[in-house]
1. Are there any trypsin sites (Lys or Arg not before Pro) in the stretch 232-299 that are in a DSSP loop and have at most 12 other Cβ atoms within 10 Å? List them by number.
2. Suppose a student asked you for the relative contact order of the stretch 3-295, using Cα pairs under 8 Å spaced at least 6 residues apart; what percent would you report?
3. Label 7 Å along Cα→Cβ of Thr82; the stretch 92-130 residues with amide nitrogen under 16 Å?
4. Which residue, Asp143, Asp89, Asp133, tops the fluctuation ranking in a GNM of the chain built on C-alpha contacts under 10 Å?
5. Would you give the gap between the C-alpha center of the stretch 247-299 and the C-alpha center of the stretch 91-133, rounded to a whole Å?
6. With the dipole of the stretch 3-295 worked out from charges on the C-beta (+1 for Lys and Arg, -1 for Asp and Glu) around the Cα centre, which of Ala216, Ala153, Thr32 lies farthest toward the positive end?
7. What angle do you read, to the nearest 10 degrees and between 0 and 90, between the alpha-carbon axis of helix 45-57 and the longest principal axis of the chain?
8. What does the charge dipole of the chain about its Cα centre add up to, to the nearest 20 debye, if the Cβ of each Lys and Arg holds +1 and the Cβ of each Asp and Glu holds -1?
Amino acid sequence: MASERVFAGAAGTWRLGDLTVNRLGLGAMRLTGSAAFHGGVPRARGTSVEVLRRAVDLGVNHIDTAAFYFSSLRSANELINTALAPYPDDLVIATKVGPARDAAGEWAPSARPDQLRGQVEENLRQLGRDHLDVVNLRLMGRDSLADHFGALAELREAGLVRHLGISNATVDHLAEAEAIAPVVCVQNRYGVDARGGERMLRACAERGIAFVPFFALAGDGREAGAVRTEAAPVLAVAAAHAVSPSQVRLAWTLHQGPHTLAIPGTGDPGHLVDNVAAGALRLTEEDLRLLDMVGAGAG
């Protein structure tokens, strides 16, 4: 794909509340290491800083992060602060709260409602900001989110948070959250080979809420990255367009509706350009038919 077409705005824009973002963004988890939650070794610090600055140069103005995105040597939030502060006026940084890790990186019990303010303030300190653009409540299997989401709604009223979203949620969770405060986005697992999120995809479309899939590239590799053998239909579509399989996966994600955003993560400058180029890839009806073969047996 020609370099002049590599621009995050090629896929169009969407509004997160009153904030406009290009639909092709960047996930920050992989900046901390190739498999940060599994003992991966991070790239050179300068490379991660380069990726962030290059992303903004390419039109990325939506970055997804979290205070619990850290490895033994790197913190995603600190890298973002170092690379991009003072922040561009149009840059939207979305973060997540709920899960917790101790100083050694071990997972701890999820935050209680009264602990969420501390997590929000931790993100503020690390990012060097006086408010957070978007905070997603990451759910960890609880039946109700009312107490936790209500606590975040109070922080929104206090001015520490501008907009709220939810992550790893059900449609029932979404309805429960909307009864408490406006929801601008939902982050759930979804991809060519992970179709279990289609009910939420439709629910968000009906409500005008952004649907932001995670692990769209990693598939079953999840936090460890794309460790799978790529599906034959994805390879066939990639060959037909002379692009990478990752671009096909991202283009398919963006094809699911104008409210669908992509936040592929990478710590590699070359992969970043490849991912951003996916915003200009237009899939044909035949391409989509082939890719539906991948999803036919997916959960």
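Nothing in this text is a laboratory measurement; each read-out follows from the coordinates by a stated rule. All figures in this text were calculated on a predicted structure; none of them were measured in a lab. For neighbour counting, all protein chains shown are included, and Cβ atoms are generated from backbone atoms with ideal geometry for every residue, glycine included.
1. For trypsin sites (Lys or Arg not before Pro) across the stretch 232-299 that sit outside H, G, I, E and B with at most 12 neighbouring Cβ atoms in 10 Å, the list reads Arg282.
2. 21 percent
3. 126-128
4. In this elastic network of the chain, the residue with the biggest mean-square fluctuation among Asp143, Asp89, Asp133 is Asp89.
5. Result: 29 Å between the Cα centres.
6. Thr32
7. Computed tilt is about 70 degrees.
8. On the way: 29 positive and 34 negative charges, 74 e Å.
Dipole of the chain, to the nearest 20 debye: 360 debye.
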